[in-house]
Amino acid sequence: MLPLTKAFSAMFSRKQEDSSDTRGMPHGSPIASGSQTANGIIRPAYVIERYAAYYPMNHKRRGMALIFSHNKYNVRNVSLPVREGSAIDCKRLKETLELFRFDVKVYPDFKLEEIKSVIGKVSSMDHSDSDCFLVAILTHGEDGGIVYAYDQPYELSLIWSFFTADNCPSLAGRPKIFVIQACRGNQLDHGVKVQKDGVARYSIPTHADFLFAYATIPGFMAFRNTTEGSWFINELCKELQENGHRYDINTLLTFVTQKVAYDHESVSNMPEYNMRKQTPCVVSMLTRLLLFNVV
């Protein structure tokens, strides 16, 4: 378990201005082999026992982690506020992922074509010696799975569809994690007061082994502290550092959801945005438990 610094653990202890990531707010053992696809048949880089409980996490590399971090925008006919505090999120997430041996690449304020170029190149790589793969997107967003690049909006499916088993065979059967810090609409959560109380060959679905960790539920805003970063990324990094080698990823994300939901409340000089709540949302298509082993 990794100790946290006093400054890190004391986050949000001060009443600082909270913003949001919506444009609407004014402020088993592997068997190594080459991956290939022939005649529609996916031959993954390794095949493990059909009902193995855990993903193998003993490859040569942990895997790549791509962070698309957006702070400023230049979108035609759309006014998007600067994402104050985003740089803190990016730095904290990068440092945390590196503790877990991820090969982290940061792409700040990339245009959509630049994002597509990076994703296309990475999806065509051979990931046979990697445990897993991760993408984090820190930006403004809207309802319907829309997020913003520097110059235009795009659908999240544009990113993750590159890594389905048929498009990226070397990641077939391996966990693919997507972390999205962005609003998913303009609704606000007012909250309520609570009173005390071996080799086994089998087919792999092309959309299996994905995990999506969203900062908020569909239709709602995600908050970001303007000086300390977002609630969601803050709690995710804290939970990974404290318990990342103890619990599987779905359990960790349950505790992240608990901390964000119970411990945070927005602070704003605008009454409609003051004292509002947030609930992260996890969508898992993982077929095994994902536990980051101690190296």
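For this structure, a couple of remarks:
- Region 81-149 and region 242-295 have Cα centres separated by 18 Å.
- A cut-off of 5 Å between modelled amide H atoms, ignoring neighbours fewer than 5 places along the same chain, links Gln152 with Leu112.
- Couplings 3J(HN,Hα) for region 127-133, derived from phi with the Karplus relation 6.51 cos²θ - 1.76 cosθ + 1.60 (θ = phi - 60°), are 9, 4, 9, 10, 6, 7, 8 Hz, where x marks Gly and Pro.
- Applied to region 154-160, the Karplus parametrisation 6.51 cos²θ - 1.76 cosθ + 1.60 on θ = phi - 60° returns per-residue 3J(HN,Hα) values of 7, 8, 4, 4, 4, 7, 6 Hz, with x for Gly and Pro.
- Amide H partners (placed H, <5 Å) of Leu80, local residues excluded: Val75
- Of all aspartates and glutamates in the structure, the ones whose alpha carbon falls short of 20 Å from that of Lys238, not counting any fewer than 8 places away in one chain, are Asp18, Asp89, Glu95, Glu98, Asp103, Glu228, Asp248, Asp263, Glu265.
- Take region 204-284 with all the other protein chains still there, run a 1.4 Å probe, and you get 36 Å² of accessible area per residue.
- Computed in the context of the full set of protein chains, the accessible area of region 53-204 at 1.4 Å probe radius has 49% of its extent on carbon or sulfur.
- Calculated from backbone phi, Karplus (6.51, -1.76, 1.60) coupling profile of region 76-88 in Hz, x at Gly/Pro: 4, 6, 10, 9, 10, x, 4, 8, 5, x, 5, 4, 5
- Surface accessible to a 1.4 Å probe, per residue, for the residues of region 82-134, Å²: 45 Å²
- Under-5 Å amide H pairs with Asp126, H placed in peptide plane, nonlocal only: none
The values are calculated or read from the model by the stated rules, or taken from the named source; none is laboratory data. Everything numeric in this text was worked out from a predicted model, so none of it was measured. Calculation scope for accessible area: heavy atoms of the full protein, side chains included, ligands and nucleic acids excluded. Shrake-Rupley method; radii C 1.70, N 1.55, O 1.52, S 1.80 Å.
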